[in-house]
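Shown next, in structure tokens, is the structure this report addresses.
The values are calculated or read from the model by the stated rules, or taken from the named source; none is laboratory data. All values reported here derive from a predicted model rather than from experimental measurement. A quick note on method: Cβ atoms are made from the backbone with ideal geometry, for glycine too, and the neighbour counts reach across all protein chains shown. In case anyone asks, the SASA skips ligands and DNA or RNA and just uses the protein heavy atoms, side chains included. Shrake-Rupley method; radii C 1.70, N 1.55, O 1.52, S 1.80 Å.
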Amino acid sequence: MKRREFIRLVGGAAAAWPVAARAQQPAMPVVGFLSAIPPNNSFLAAFRRALTESGYVEGQNVKIEYRFAESYDQLTELASDLARRQVAVIVAAGGEPSAVAARAVFTGVDDPMSSGLVASFSRPGGNITGMSTLTATLGSKRLQLLREMVPHAVVIAMLMNPNFPAAAAELSDVEGAAHAFGRELLVLKAVTETDIDAAFDALIGHRPDALVIGADAFFNTRRAQIVALASRNSIPTIYVWREFVRVGGLMSYGTDFADNYRKTGTYVGRILKGEKVADLPVQQPTKFELVINLKTARALGLTVPPTLLAIADEVIE
């Protein structure tokens, strides 16, 4: 299903709630939590903690209905189900595909303006607002950090999902950085699990010196596969999410997603207290994190520069 069709279907279903039905919502408000992928437990904990700090404790004075899709195609049905249950607000997590539900507070969307989700950051309009990630625009920074970790790298590969909404912007960002650093960039594409295996098979013939994994929620669901392939091919790799590093990846740099989920919980609390969604500006991330796995670095024969260790938010021994 195309994104625009999905927006019409989900948006239309949610907008069709009758006013009278909304007025008859139960005394305990219900929050719908819709995600394109199962979120990290620490992210959910940050969301619930912020909601509690806003005065809403799950199971006591607020109920949360969770809906996790096994594929993007299920999102329409799941969002419509939440709409029929007359939830007070929907949290759309896990990227753009789930961020189109009406009265939604999204988290995990790279650039909601270019995606057409909001009119502007300061005045999003309609029934949607939330937290952007700027994930794709950090590609040049990841390349810079990888260059510091592997200074001898001349050919750097990038694995990207062409279906990722911000793929073109991300690729342009990384290509610009590669050109500025005088490095050759090899672009590989993957949309499915099989594509990932094929991309790493292609790496064997090209023999790049390092690898950048692009921003896409699908890659996060396949992190064990990707980290294992990077390890098998002994290629220094930088990722978007810290979860890759915790399962053996070399390093990651990206938005502090737990902080985004915390801010999302705060927004939900404010909406439950009566604030209008359209009056809440889209927030951009202010916290970014660098995570390094020393054990993996040693296995790759790399010495982590003191400059990177000094700025790392987490160093895994």
Among the listed residues Gly269, Gly176, Gly205, which satisfies the condition of being part of a helix (DSSP H, G or I), in contact with a helix residue (DSSP H, G or I) (Cβ under 9 Å, 6 or more places away or on another chain), open to solvent by 30 Å² or more (accessible area, probe 1.4 Å) and among the small types (Gly, Ala, Ser)?
Gly176
Consider Ala198 carefully, then state whether it is modelled with pLDDT under 95 and over 16 Å from Tyr253 (Cβ atoms).
no
Note on Ser35: of the conditions (1) at pLDDT 60 or above; (2) under 18 Å from Asp216 (Cβ atoms); (3) open to solvent by 40 Å² or more (accessible area, probe 1.4 Å), unmet is (3)
Criterion first (at pLDDT below 95, in a loop (DSSP other than H, G, I, E, B) and among the acidic types (Asp, Glu)) does Glu243 satisfy it?
no
Go through segment 272-317 residue by residue and tally those that are open to solvent by less than 90 Å² (accessible area, probe 1.4 Å), of a type in the set (D, E, K, R) and in contact (Cβ under 8 Å) with a residue 40 or more places away in the chain.
2
Which numbered condition in (1) under 13 Å from the mean Cα position of the chain (by Cα); (2) open to solvent by 10 Å² or more (accessible area, probe 1.4 Å) is the only one that Asn233 fails?
(1)
Keeping to segment 54-65, report how many residues are within 14 Å of Gly32 (Cα to Cα) and surrounded by fewer than 16 Cβ atoms within 10 Å (Cβ to Cβ).
3
Listed by first then second residue, the pairs whose first member lies in segment 173-200 and is at positive phi, whose partner is assigned to a helix (DSSP H, G or I), with beta carbons under 7 Å and at least 6 positions apart or on separate chains, are none
Between a residue in segment 110-121 that is of a type in the set (Val, Ile, Thr) and modelled with pLDDT of 75 or more and any residue that is open to solvent by less than 20 Å² (accessible area, probe 1.4 Å) and in a loop (DSSP other than H, G, I, E, B), which pairs come within a Cβ distance under 9 Å, given they are 6 or more apart or on different chains?
Val118/Pro112; Val118/Pro124; Val118/Val282
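Where residues in segment 111-149 are outside any loop (DSSP other than H, G, I, E, B) and of a type in the set (Val, Ile, Thr), which of them is farthest from Ala210 (Cα to Cα)?
Within segment 111-149, the match that is farthest from Ala210 (Cα to Cα) is Ile128.
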